[in-house]
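Step one of this worksheet: look at the structure below.
The values are calculated or read from the model by the stated rules, or taken from the named source; none is laboratory data. Quantities reported herein were computed from a predicted structural model and do not represent experimental measurements. Cβ placement follows ideal geometry from the backbone for every residue including glycine, while neighbour counts extend to all protein chains displayed. Side chains are part of the model used for accessible areas, which takes the heavy atoms of the whole protein and leaves out ligands, DNA and RNA. Shrake-Rupley method; radii C 1.70, N 1.55, O 1.52, S 1.80 Å.
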Amino acid sequence: MKNKFAAALSVTAVILATGSLSGCGDGNKELDAWAKTVCDQAAAQVKKINDANTHISNTPSDAKPKDVRSADSTAFGQISDAYKALAGIVGKAGDPPVDNGAKLKQDAVGDLNSLSTAYANLRKQVDALPVTDQAKFADGLKSVSDNLAKVSKSGEQALDTLRQGEVGQAMAKQPGCQDSGAKPSKS
């Protein structure tokens, strides 16, 4: 069960890191500057997501339900906060200088805020798990895991808006938006 949490969180972090993009930008200096502004600030938030992933991964598989609940709750809170911060970063960066830049920014900010809310809801769900009954805890944790899988999938779809076209290419060139680690499989 813990491995599913860790894998889903890791995928979410990699999705954010947009480093899997390839291609070169067209030399649009304004777009490159916009991407640098976003990516320089996004790196800290991606680190928070990676740290949350590590926190969950480091929870022993034989940990007490109370400890698992605490680790998951903390991680989901950190991820929720990171997505909210990312929404703020994209919002404050202004419209990317591309066709439909205003809509792209609006959609991305909305998607990131929705992800923040979804992770906050996962945290509430984890916080409500009973820790005195191992069987009920395990059943509840499975439900949380199922919801996490849905949130992770919607997160991937939502963040595609920032990974497309010129904006995605410009972001892929920025160190703050590149993934420096190995990518987990999406199986």
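Using 5 Å bins from zero, what percent of all Cα-Cα pairs in the range 39-105 falls into each bin?
Whole-percent P(r) values from 0 Å outward: 4, 17, 20, 16, 13, 10, 8, 6, 4, 2, 0.
Could you check how many percent of all C-alpha pairs in the range 33-187 are farther apart than 22 Å? List each step's numbers first, then the result.
Values: 5339 of 11935 pairs.
Above the 22 Å cut-off, the range 33-187 has 45 percent of its Cα pairs.
Please list, in order along the range 44-50, the HN-Hα scalar couplings obtained from phi with the Karplus expression 6.51 cos²θ - 1.76 cosθ + 1.60 (θ = phi - 60°), rounded to whole Hz, x for Gly and Pro.
Listing the rounded values in order: 5, 6, 5, 4, 4, 5, 5 Hz.
In a shell of Cβ-Cβ distance under 13 Å around ASP40, excluding ASP40 itself, what net charge do Lys and Arg (+1) and Asp and Glu (-1) give?
Its environment carries a net charge of +3.
Sort the following peptides by mean Cβ neighbour count (other Cβ atoms within 10 Å, averaged over residues), highest first: 56-65, 30-39.
Ranked by mean Cβ neighbours within 10 Å, highest first: 30-39, 56-65.
In nm, to one decimal, how far is the SER114 label point from the ASP160 one, both placed 7 Å along Cα→Cβ?
Roughly 1.2 nm, to one decimal.
Taking the Cα-to-Cβ direction at ASP40 and at ASN147 and moving 7 Å from each Cα, how far apart do the two end points lie in nm?
3.8 nm
Looking at the range 108-158, I'd like the Rg to Rh ratio, where Rg is from alpha-carbon atoms and Rh is Kirkwood's inverse mean 1/r. It would help to have the intermediate numbers written out before the result.
Details: Rg = 12.7 Å, Rh = 11.7 Å.
Rounded to two decimals, Rg over Rh is 1.09.
Rounded to the nearest percent, how much of the accessible area of the range 54-119 (1.4 Å probe, protein heavy atoms only) is carbon and sulfur? Show your work: numbers first, answer last.
Details: 1440 of 3160 Å².
Percent of accessible area from carbon and sulfur atoms in the range 54-119: 46.
Please compute the modelled spin-label separation between ASP107 and SER57, points set 7 Å along Cα→Cβ, answer in nm with one decimal.
3.2 nm
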